[in-house]
């Protein structure tokens, strides 16, 4: 079947744009939640409630020019321009600064429009047309001229439903992963920070009076017989691009991802990553490998950021803004992961970090960060 697609300006697809920007809304200690741009993420269909403020019922009823309705699409104009989410039913929040609400006409399916606005094609168009070097801003006059692909209404419904179904499954999987990680982190803290792992009688070691001794490096008591080892005892610490010479960028090539282009689950933002040629990618593929336990550790700029690296459906290369941490064969990958995420490890990293404008830690310093070694680990 031949799909007929035409491009239509956004201004011809919406009935109304809810725009409460221009002045600062008065807030209160409680009342109706007021979301900000940090609540609009492409990892969620609907806005998340993070670091929210509140407005009183009086302000809600008098200050806003218009209010959001279910199935409107929130569009971020400033800061992270192009991020979009759907307004849920019922609407239990309001929005003001740095975003607008798009109320589409009946000729388009709102779920389809969410998928279109989040597509690589439209996100790249937005990235190429926003202004502002420090704080990116996609102006309203550019937004209304944005050309969006429109297909038959029935096909819109099919695409929109499929997008929502897949997105919901991904969100559920992410929640399950987060809960499992929280449980694993609690177990790690219980064993390796509180030292209440089960003793020979199955009781918590430290709480049951297990022998402890003072460690000079940690400046605290640790279980008798435990010691400190460099992190490279447990894992290979790899600089993915030792020369640090910027590779040549090309128009059509492969993503060159820095630590800021990858989220904690290993997803690469293709709209942010630079594009390089295959020769550079081949070199990295020869030099090291990414496996199911590989970790990316931010060492330039966002020092201390931890992400899970993984193989993608596409080939890519990694920039020296991160180190690759590959747990050694026969080791304990989860132990390595939670060790590099815990605050004690970060404190050591900060001791070796230099630079105020763009902080960084050298790969050699990172390799010798001390971590704890139980006496039963060979």
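Every number in this text was worked out from the coordinates using simple rules, so none of it is lab data. Predicted model only: the values in this text are computed from it and were never measured. Using ideal geometry, Cβ is built from the backbone for each residue, glycine included, and neighbour counts are taken over all protein chains shown.
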*For residue 128, put the label point 7 Å out on the Cα→Cβ axis and report which residues of segment 240-257 keep their amide N under 16 Å from it.*
250-253
*How much length is gained if the chain between residue 153 and residue 28 is pulled fully straight, taking 0.36 nm per residue apart and subtracting their Cα-Cα distance, in nm to one decimal?*
40.7 nm
_At 222 nm, what value in deg cm²/dmol follows for the chain if DSSP H runs of at least 4 each add -39500 (n - 2.57) and the sum is divided by all its residues, to the nearest 500?_
-8500 deg cm²/dmol
_Mean Cβ neighbour count within 10 Å, used as a protection proxy, ranking 159-167, 142-150 highest first_ = 142-150, 159-167
*Mind jotting down a quarter of the surface of the convex hull over the alpha carbons of segment 233-373, in square nanometres, one decimal?*
8.6 nm²
*Sorting 80, 24 on the 10 Å Cβ count, fewest up front, what's the list?*
24, 80
*In angstroms, what radius of gyration and Dmax does segment 161-313 have, counting Cα atoms only?*
21.1, 64
_Tell me the angle of helix 278-287 to the major Cα principal axis of the chain, expressed in degrees between 0 and 90 and rounded to the nearest ten._
30 degrees
_As I understand it, the value is the acute angle between the Cα axis of helix 120-129 and the longest principal axis of the Cα atoms of the chain; what does it come to in degrees, rounded to 10?_
80 degrees
*State whether segment 30-188 is rounded, prolate or oblate according to the following rule on the C-alpha gyration tensor (a ≥ b ≥ c being the square roots of its eigenvalues): a/c under 1.5 gives rounded; otherwise a/b larger than b/c gives prolate, and the remaining case gives oblate.*
rounded
*Take the Cβ-Cβ distance between residue 214 and residue 278 as r, set R0 to 56 Å, and report the resulting FRET efficiency rounded to the nearest 0.05.*
0.55
*Of the peptides 213-224, 248-259, how do they stack up when ordered by the mean number of other Cβ atoms within 10 Å, highest first?*
248-259, 213-224
_Mean separation of Cα contacts under 8 Å (6+ apart) over length of the chain, as relative contact order %_ = 13 percent
*Once the Cβ-Cβ distance between residue 174 and residue 145 is put in as r, and R0 is 25 Å, what FRET efficiency do you end up with, to the nearest 0.05?*
0.15
*Could you line up 286, 358, 111 from fewest to most neighbouring Cβ atoms inside 10 Å?*
286, 358, 111
*asked:* Can you tell me, using C-alpha contacts under 8 Å and at least 6 residues apart, the relative contact order of segment 116-220 as a whole percent?
replied: 10 percent
_Within segment 280-295, backbone nitrogen closer than 11 Å to the virtual label 7 Å beyond the Cα of residue 250 toward Cβ_ = 280-282
*Once you have the Cα-Cα distance between residue 271 and residue 105, take 0.36 nm times their residue separation minus that, and quote the gain in nm to one decimal.*
56.9 nm
*Mind checking the log10 I(q)/I(0) for the chain at q = 0.09 Å⁻¹? Debye, one equal scatterer per Cα, no solvent, two decimals.*
-0.69
*Relative to the longest principal axis of the C-alpha atoms of the chain, give the angle of the C-alpha long axis of helix 153-192, reported between 0 and 90° and rounded to the nearest 10°.*
20 degrees
_Two-site FRET efficiency, residue 66 against residue 229, from Cβ-Cβ distance with R₀ of 56 Å, rounded to 0.05_ = 0.40
*asked:* Once you keep just the Cα pairs under 8 angstrom separated by 6 or more residues, what percentage relative contact order results for segment 257-360?
replied: 29 percent
*Please say if segment 26-104 is rounded, prolate or oblate, where rounded means a/c under 1.5 for a ≥ b ≥ c the square roots of the C-alpha gyration tensor eigenvalues, and otherwise the choice is prolate for a/b larger than b/c and oblate otherwise?*
prolate
*asked:* For 303, 275, which order do you get if you count the other beta carbons within 10 Å of each Cβ and list the fewest first?
replied: 275, 303
